[in-house]
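Trainee: This is the structure I want to talk about, given as structure tokens.
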Amino acid sequence: MIADIESIITTYLKAETGERIVGETPSDLNVPWVKLTLLDAANESASNPEHLIEYMVQAECYAGAEKAGAQGEAFALVSEVRAALANLEGIHGGAVFSCVRFSGMARVPDTKLEPARQRYILTSHLYAH
């Protein structure tokens, strides 16, 4: 059975970091937040179908407000999230995590928000069954 990875990772990151972890842009943009999005859930090529899944999860780490030091605030947040995910092993929310890899960590300010916000986008590959 495939896991509800967004829910599991949200709970895990809240406990590990104490940060605001959400699935959609919150109404209060003045406090830093992390928006999680599941991009893919592919079967790992060497395992049986639906046993070991490679979950590709995107974590958008936002600074609270566009101000002096906002880039540093967003970087501190993405660093904290990355460190927590790097230590993700064992059973969480009924899923067994065996490996984590990162394939990107770009600083891409979000200019669609008003005012614009500093943001880092971390792409993680979480292997679980």
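The values are calculated or read from the model by the stated rules, or taken from the named source; none is laboratory data. Since the structure is predicted, the reported quantities are computational estimates derived from the model, not experimental observations. As a convention, Cβ positions derive from the backbone with ideal geometry for all residues, glycine included, and neighbour counts pool all protein chains shown.
Trainee: Here are some residues: Ala106, Ala65, Ala74. Which one is part of a loop (DSSP other than H, G, I, E, B) and either more than 18 Å from Glu6 (Cβ to Cβ) or of a type in the set (A, V, I, L, M, F, W, C) (or both)?
Mentor: Working: Ala106 fails: part of a loop (DSSP other than H, G, I, E, B); Ala74 fails: part of a loop (DSSP other than H, G, I, E, B).
Result: Ala65 is the single residue among Ala106, Ala65, Ala74 that is part of a loop (DSSP other than H, G, I, E, B) and either more than 18 Å from Glu6 (Cβ to Cβ) or of a type in the set (A, V, I, L, M, F, W, C) (or both).
Trainee: Residues of region 1-34 being without any contact (Cβ under 8 Å) to a residue 60 or more places away in the chain, surrounded by 19 or more Cβ atoms within 10 Å (Cβ to Cβ) and assigned to a loop (DSSP other than H, G, I, E, B), which ones? Talk me through it step by step, then tell me what you get.
Mentor: First, pick out the residues of region 1-34 that are without any contact (Cβ under 8 Å) to a residue 60 or more places away in the chain: 1-2, 6, 10, 14-15, 18, 20-24, 26-28, 30-34.
Retained after the next criterion (residues that are surrounded by 19 or more Cβ atoms within 10 Å (Cβ to Cβ)): 21, 32-34.
Within region 1-34, just Pro32 meets the criteria.
Trainee: Thr37 passes all but one of (1) in a strand (DSSP E or B); (2) crowded, with 17+ Cβ neighbours inside 10 Å; which number fails?
Mentor: Just one mismatch for Thr37, condition (2).
Trainee: Go through region 35-46 and count every residue that is over 14 Å from the mean Cα position of the chain (by Cα) and in contact (Cβ under 8 Å) with a residue 40 or more places away in the chain.
Mentor: Final tally of qualifying residues: 1.
Trainee: Got a sec? Which of Ser7, Ser27 is out of contact with any Phe, Trp or Tyr (no Cβ under 9 Å at 6 or more places or on another chain), modelled with pLDDT of 95 or more and of a type in the set (Gly, Ala, Ser)?
Mentor: Every option except Ser7 fails the conditions.
Trainee: Criterion first (modelled with pLDDT of 95 or more and surrounded by fewer than 14 Cβ atoms within 10 Å (Cβ to Cβ)) does Leu88 satisfy it?
Mentor: On the way: modelled with pLDDT of 95 or more: yes; surrounded by fewer than 14 Cβ atoms within 10 Å (Cβ to Cβ): no.
Answer is no for this residue.
Okay, residues lined up against (1) modelled with pLDDT of 95 or more; (2) under 17 Å from Leu36 (Cβ atoms):
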residue	(1), (2)
Gly72	yes, no
Leu77	yes, yes
Arg82	yes, yes
Ala95	no, yes
Val100	yes, yes
Gly104	yes, yes
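Trainee: Another question, then. Would you confirm whether or not region 77-92 contains a residue that is closer than 14 Å to Ala3 by Cβ, part of a strand (DSSP E or B) and under 17 Å from the mean Cα position of the chain (by Cα)?
Mentor: The answer is yes, given that some residue of region 77-92 is closer than 14 Å to Ala3 by Cβ, part of a strand (DSSP E or B) and under 17 Å from the mean Cα position of the chain (by Cα).
Trainee: When Gly69 is evaluated against the numbered criteria (1) touching a residue at least 60 places away in the same chain (Cβ under 8 Å); (2) surrounded by fewer than 16 Cβ atoms within 10 Å (Cβ to Cβ); (3) not aromatic (Phe, Trp, Tyr), which criterion, by number, is the only one it fails?
Mentor: (1) is the only condition that Gly69 fails.
Trainee: In region 110-120, what residues are touching a residue at least 60 places away in the same chain (Cβ under 8 Å) and either closer than 22 Å to Glu89 by Cα or of a type in the set (Ser, Thr, Tyr) (or both)?
Mentor: Tyr120
Trainee: Within region 1-32, work out how many residues are within 19 Å of Thr123 (Cα to Cα) and touching a Gly at 6+ places or on another chain (Cβ under 8 Å). Please lay out each step first, then the result.
Mentor: Narrowing region 1-32 to residues within 19 Å of Thr123 (Cα to Cα): 3-14, 16-17, 19-25, 32.
Now restrict to residues that are touching a Gly at 6+ places or on another chain (Cβ under 8 Å): 3-4, 6-8, 10-12, 32.
The total comes to 9.
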